[in-house]
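Quick note: the coordinates plus some simple rules give every number you see, no bench work behind them. Small disclaimer: the values here were computed from a predicted structure and weren't measured. All Cβ positions, glycine included, derive from the backbone under ideal geometry; neighbour counts span all protein chains shown.
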Amino acid sequence: MGNINNKEAEFAAILKQVTRTARENKNFITKDQVNTAFSELDLDEKQMEMVYDYLKNHNIGVDEQAVFTDENLTEEETNYLNDYLESLKDLPKLTDGELEAISMSAIAGDKNAQSRLIENYLPLVVDVARMYSEQGVFLEDLIGEGNFALTKGVTMLDAVGEPAEVESFLYKMMLDAMENLIEDNLAADAGSQKVLELVNEVADKARELAEDLRRKVTVAELMEETGWDEDKIRTAIKFSADNIEDLDSGEKKD
């Protein structure tokens with residue numbers, strides 16, 4: 001079995017850093033980067049496969065750009081996203097030169113320039129929120145948190161100094177804000193450091209039972225086989241983005 005055992009804490013820390021590296025690179029990472037990050041743990045093929053599955057299930061492209069389909073959004077989230085994107089359509093589009101000039105003024109503390117920067121980067125907040133849309137937090141809350149970070153960030157640009165670094169600075173603030181929101185949610189739900197272990201445990205048991213039955217297993221069958229309560233299994237399904245291959249969840253999660 002792909003057991004993490006006493007390596008669990010180090011594994012979780014490395015996975016978190018790999019995920020963050022990909023997020024900072026607009027949801028892209030190379031296979032070499034992933035393999036190098038985990039090289040000291042001497043993981044077997046099955047454990048590395050779990051890492052790549054995790055990255056894929058969290059919208060991260062490995063050696064290729066991630067593609068967002070929004071197909072896993074709830075109807076409520078889809079309606080919100082469409083309405084929100086519609087509201088952003090009339091925002092002024094800045095040329096590179098205008099953006100550089102406004103960034104310089106914002107760094108100097110000009111309030112009007114800071115407001116224009118907020119307008120310019122509102123669509124970027126949506127892009128970031130979509131990267132995190134399958135991790136148990138509503139899209140509207142992610143966007144709200146990202147917008148708050150953006151509004152705060154434009155007042156802190158004196159720490160940046162260079163116009164070329166403004167977007168990266170604001171982008172990382174959005175990432176931090178959304179990741180903190182997700183971590184708070186995970187801690188309340190299942191404990192952020194236990195999520196991977198939980199998904200792996202449920203997936204392994206589902207695979208064992210599916211091999212015996214020669215078909216996908218239901219949540220009820222897995223409960224009967226293991227003695228686990230339904231909430232434990234549903235939590236694993238949730239954080240795997242309903243991608244436990246041998247388990248039929250029986251319903252589409254809202």
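Tabulated data for the structure shown
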item	result
Val51, Val125 arranged by Cβ crowding within 10 Å, fewest neighbours leading	Val51, Val125
Rough spin-label spacing in nm, given labels placed 7 Å along Cα→Cβ, for Thr21 and Glu245	2.5
Residue exposure sequence - Tyr84, Tyr132 - by fewest surrounding Cβ within 10 Å	Tyr84, Tyr132
Inverse of mean 1/r across different Cα pairs in the range 5-62, Kirkwood, Å	11.4
Least to most buried among Glu145, Glu71, Glu86 (fewest other Cβ within 10 Å first)	Glu71, Glu86, Glu145
Size of charge dipole - the range 75-189 - debye, nearest 20, with Cβ of Lys, Arg +1 and Asp, Glu -1, no other charges	480
Glu45-Asp212 FRET efficiency (beta carbon distance; Förster radius 22 Å; 0.05 resolution)	0.40
Alpha carbon convex hull of the range 192-248, projected area averaged over orientations, nm²	3.4
Subset of Lys26/Lys93; Lys26/Lys216; Lys16/Lys93; Lys31/Lys93; Lys16/Lys216; Lys56/Lys216 violating a 25 Å alpha-carbon distance limit	Lys26/Lys216; Lys16/Lys93; Lys31/Lys93; Lys16/Lys216
Square roots of 5 times each gyration tensor eigenvalue, C-alpha, the chain, largest first, Å	39, 21, 15
Estimated Rh, the range 15-166: Kirkwood, alpha-carbon pairs, angstrom	17.5
Alpha-carbon spread of the range 119-189, three principal axes, descending order, Å	40, 21, 15
Kirkwood hydrodynamic radius over Cα pairs of the range 100-159, then Stokes diffusion coefficient at 37 °C and 0.692 mPa s, in µm²/s	272
